Amino acid sequence: MERKKALKRWGIPMACAVILLCIWGYLMLFSHTFNIEKPAGLYIDEDDTQDSVRAKIEATARPGISSGFPLLSALNGYRVKSGYYSVEPDDNMFGLFRRLKQGRQTPIRLTIPSVRTMDRLSGVLGRKLMMDSATVARHLSDSAFCNRYGYNVNTIPCLFIPNTYEVYWNISPEELMNRMKKENKAFWTDERLHKAEITGLTPEEVVTLASIIDEETANNAEKPMVAGMYLNRLRIGMPLQADPTVKFAWGDFSLRRIYHNHLQVESPYNTYRYAGLPPGPIRIPSIAGIEAVLNHVHHDYLYMCAKEDFSGTHNFARTYREHLANAARYTAALNQRNIR
């Protein structure tokens with residue numbers, strides 16, 4: 001009898017408590033949405049804890065939305081999985097938790113830029129991905145690491161095709177390199193390989209020449225003309241004498257005028273001292289630069305000089321005498337503007 005009384009006395013309140021707890025859990029996990037105007041990004045690092053993840057969710061959502069996170073964590077033995085997760089306006093805590101627990105990340109759009117050095121590329125990757133830029137730079141300057149992908153420290157820029165790719169934020173350097181290798185192979189179609197062969201260059205040599213052309217002009221319409229001129233020089237064994245390679249050799253891209261003393265720098269990238277192409281690209285060239293080499297204009301020009309109107313285009317010449325006349329006009333324009 002006493003037992004029935006106790007059950008009656010405490011059973012109903014406990015049942016009510018359980019019901020209320022279930023209602024609270026439902027509201028916290030399923031009913032409440034994040035109530036944000038547009039998708040927000042949630043970045044989970046490898047060293048994040050349950051508490052820090054909860055804090056990040058709280059910062060992303062309205063206050064109180066992450067209250068059910070500890071309960072879910074306890075019930076599911078939650079382990080933090082790094083990655084980038086897009087939080088949608090109509091997401092609830094349970095749906096987000098399932099994605100976090102299963103590691104179902106949202107891909108990010110990674111743009112490989114046309115940059116001048118691997119250090120700059122490393123900086124971009126460090127800002128865009130869960131990577132340490134110093135570690136990436138060390139990898140890209142390591143012969144063994146580069147050889148693993150078919151390149152050396154001079155030609156490794158050839159691997160990267162400047163484009164936008166979907167990748168996971170926590171991709172490792174090795175995984176990224178494998179992805180870039182795959183994208184590189186896809187870029188070099190049979191048609192492009194055939195055009196490179198007709199030109200007499202390997203894909204790496206095409207990229208190296210394209211990098212010089214990109215530094216010479218930003219005018220995509222003129223790039224096939226510039227490519228044709230440099231190819232003419234290569235065919236007859238004439239030094240390329242490309243000013244951008246001298247800037248690269250000096251490690252100073254701010255140089256606006258190249259003087260005689262600049263040409264004395266001892267470097268295999270100095271195309272005034274050494275004939276042929278330099279050991280590797282002087283930047284990651286644009287696709288337009290690569291296409292300019294593969295689809296160069298056939299002509300008999302051997303010289304070019306920036307136009308004196310500073311339009312970013314060039315005057316081309318067949319003879320050195322004609323070139324000197326073009327150069328004199330450009331030098332006079334530089335002096336008139338006091339450009340040193």
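The values are calculated or read from the model by the stated rules, or taken from the named source; none is laboratory data. All values reported here derive from a predicted model rather than from experimental measurement. With ideal geometry, Cβ positions are generated from the backbone for all residues, glycine too; neighbour counts draw on all protein chains shown. For the accessible areas, the whole protein counts, side chains as well, though only heavy atoms, and no ligand, DNA or RNA atoms are used. Shrake-Rupley method; radii C 1.70, N 1.55, O 1.52, S 1.80 Å.
The table below lists the values:
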{"quantity": "Hey, GLU166 under 30 Å from GLU46 (Cβ atoms) and either of a type in the set (Gly, Ala, Ser) or open to solvent by less than 70 Å² (accessible area, probe 1.4 Å) (or both) or not", "calculated": "no"}
{"quantity": "Number of the condition not met by GLU308 [criteria: (1) closer than 16 Å to THR217 by Cβ; (2) in contact with a Lys or Arg (Cβ under 8 Å, 6 or more places away or on another chain); (3) open to solvent by less than 60 Å² (accessible area, probe 1.4 Å)]", "calculated": "(3)"}
{"quantity": "Residues (of a type in the set (Gly, Ala, Ser), at pLDDT 90 or above and at negative phi) located in the stretch 233-273", "calculated": "ALA242, ALA249, SER267"}
{"quantity": "Conditions (1) modelled with pLDDT under 95; (2) within 27 Å of LEU234 (Cβ to Cβ); number of the one not met by SER172", "calculated": "(2)"}
{"quantity": "Cross-chain or 6+ apart pairs with Cβ under 9 Å, the stretch 139-153 first and buried (at least 16 other Cβ atoms within 10 Å of the Cβ), then assigned to a helix (DSSP H, G or I) and of a type in the set (Gly, Ala, Ser)", "calculated": "HIS139/SER122; LEU140/SER122; VAL153/SER143"}
{"quantity": "The stretch 188-216: number of residues that are farther than 21 Å from THR155 by Cα and within 22 Å of the chain's Cα centre (by Cα)", "calculated": "0"}
{"quantity": "Subset of the stretch 133-145 [of a type outside the set (S, T, N, Q) and either in a loop (DSSP other than H, G, I, E, B) or farther than 27 Å from ASP45 by Cα (or both)]", "calculated": "ASP142, ALA144"}
{"quantity": "Per-region count, the stretch 89-132, residues of a type in the set (Gly, Ala, Ser), farther than 20 Å from ASP48 by Cβ and in a helix (DSSP H, G or I)", "calculated": "2"}
{"quantity": "Cβ-Cβ under 9 Å pairs, at least 6 apart or on other chains, the stretch 96-115 side closer than 30 Å to GLY289 by Cβ, far side part of a loop (DSSP other than H, G, I, E, B) and polar (S, T, N, Q)", "calculated": "THR111/ASN163; ILE112/ASN163; SER114/SER286"}
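Listed here are the residues, each with its yes/no results for (1) under 27 Å from LEU121 (Cα atoms); (2) touching a residue at least 40 places away in the same chain (Cβ under 8 Å); (3) polar (S, T, N, Q).
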position: TYR259; (1), (2), (3): no, no, no
position: LEU263; (1), (2), (3): no, no, no
position: PRO268; (1), (2), (3): yes, no, no
position: TYR274; (1), (2), (3): no, no, no
position: PRO278; (1), (2), (3): yes, yes, no
position: PRO281; (1), (2), (3): yes, yes, no
position: GLY289; (1), (2), (3): yes, yes, no
position: ALA292; (1), (2), (3): yes, yes, no
